[in-house]
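The values are calculated or read from the model by the stated rules, or taken from the named source; none is laboratory data. Bear in mind that the values here come from a model prediction, so they are computed numbers and not experimental data. Glycine also receives a Cβ, built like all others from the backbone with ideal geometry; neighbour counts cover every protein chain displayed. Note: areas computed on protein heavy atoms with side chains; ligands, DNA, RNA excluded. Shrake-Rupley method; radii C 1.70, N 1.55, O 1.52, S 1.80 Å.
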Amino acid sequence: MSITNTDSVLWYNVGVFGQAGYAVPNCSNDPGTLNPNIADLVSLMGRNLFSIMHHEDADLRTPPSINTLRRVHKLYVRSGQILQGRSVPPGELNFEPQHVQPAPEIFTVFPCPYFKVRNPMMKRWAGLTFGAIAEAMQHTENRRTAEISTNFGGLIGAYLQRLYSNMAIECFGKTRTEANAPNFLLTDADFTTYDPSKFFTSTEMSDTVPRLDRMFTEDQLAPLAEGIPVTSLPTLQPWPTNVGLLYQEIRKDDINAEDDAFVSQGTAESKAATGGTTEGREQPIVPPAPAP
């Protein structure tokens, strides 16, 4: 199980995958759900992100290929279909079972490359998707047995919409107004005419050869591709360079230094007040020795 004192994306520090910087979304202390709609959405986003982040584009700092962009587009469209199709407005009656309810279901996660991903755009998009998954796993509506609300749909959709608009603006030259318009979608013509050299600098269009020793085979990835129940995860921590952990260490040292300085100052002041001796100090009362 994951730790609960952080909402950071968690480091899947297991064997070679830990060395390669794999990660999972943070479910905090919410390992399961009664809501099959949320379970479906968590699995859908996790599986698709697993596929996207194992593409060769993730190892290159150059702009993503059209393959990756189309996969991101499909994830956005499919997730939107689920959220819009299953979200119930506040004024509409929810479906309520009479005698039964679904059995609680443990969330399944799909560890994938994140912390050492060299492509800055894909890493940012992965972070937003991890955030959407974590929000879904920790949402109050996991107690609902049949429906999700438009409030839930709006929260999860906001992460995906931000991802999609970022892709549309930076990769396809759309304006912010266009990318954030209601029901905006990239067209086939946009994908067909994709040419990153129109927007990216010459430095961004080139890269050095990445390390080739972190390329895993299909057989090696098979257990991860099947998904791992969050209850089967070891205790996971944030990435070692986590800023929160660094600040804790810095402030701990500062507090210790302040305490040492305070004690030293108090001792010096005490000695100064008494001339560095015990003269003038109140002496302890010693009872008289008993008579022989």
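Excluding ligands, DNA and RNA, what is the solvent-accessible area per residue of region 69-112 at a probe of 1.4 Å, expressed in Å²?
On the way: 2980 Å² over 44 residues.
Here the residues of region 69-112 average 68 Å² of exposed surface.
Close amide H contacts of PHE107 (hydrogens built in the peptide plane, cut-off under 5 Å, sequence separation of 5 or more or a different chain): GLY32, THR33, VAL230.
Given region 89-241, report the % of alpha carbon pairs whose separation exceeds 23 Å. Show your work: numbers first, answer last.
Values: 6807 of 11628 pairs.
For region 89-241, the share of Cα pairs beyond 23 Å comes to 59 percent.
Taking label positions 7 Å along the Cα-Cβ direction at both GLU178 and GLU226, the computed distance is 4.6 nm, reported to one decimal. Which trypsin sites (Lys or Arg not before Pro) in region 211-254 sit in a loop by DSSP (not H, G, I, E or B) and have at most 12 other Cβ atoms within 10 Å of their own Cβ? Taking region 211-254 and a limit of 12 other Cβ atoms within 10 Å, the loop trypsin sites (Lys or Arg not before Pro) found are ARG211. Taking all Cα pairs closer than 8 Å and separated by 6 or more residues, the relative contact order of region 147-224 comes to 20 percent.
Can you compute the FRET efficiency between VAL77 and GLU56 using 1/(1 + (r/R0)^6), with r the Cβ-Cβ distance and R0 = 30 Å? Round to the nearest 0.05.
Details: r = 23 Å, r/R0 = 0.78.
Computed FRET efficiency for VAL77 and GLU56: 0.80.
Packing around the peptides 35-45, 64-74, taken as the average count of other Cβ atoms within 10 Å per residue, puts them in this order, highest first: 35-45, 64-74. Across region 38-49, computed HN-Hα scalar couplings (Karplus, 6.51 cos²θ - 1.76 cosθ + 1.60, θ = phi - 60°) run 5, 4, 4, 5, 4, 5, 4, 5, x, 5, 5, 5 Hz from first to last residue, x flagging Gly and Pro. Remark on CYS112: its backbone amide H falls under 5 Å from those of ALA23, a criterion applied only to residues 5 or more positions apart or on other chains, H modelled at 1.01 Å from N. Karplus-derived 3J(HN,Hα) values for region 14-31, using 6.51 cos²θ - 1.76 cosθ + 1.60 with θ = phi - 60°, are 10, x, 5, 6, x, 5, 7, x, 6, 8, 9, x, 9, 8, 6, 9, 10, x Hz; glycine and proline are entered as x.
Sorted by average packing, counted as other Cβ atoms within 10 angstrom per residue and highest first, what order do 102-113, 78-89, 12-23 take? Can you show the working numbers first?
On the way: 102-113: 19.9, 78-89: 15.6, 12-23: 18.2.
Final packing ranking: 102-113, 12-23, 78-89.
Given 4 °C and 1.567 mPa s, how large is the Stokes-Einstein diffusion coefficient of region 108-155 in µm²/s, with Rh as the Kirkwood radius over Cα pairs? Provide the component values of the computation, followed by the final result.
Details: Rh = 12.5 Å.
Result for D is 104 µm²/s.
Rounded to whole numbers, the Karplus 3J(HN,Hα) couplings from phi for region 101-106 are 8, x, 5, x, 10, 6 Hz, using 6.51 cos²θ - 1.76 cosθ + 1.60 with θ = phi - 60°, and x at Gly and Pro.
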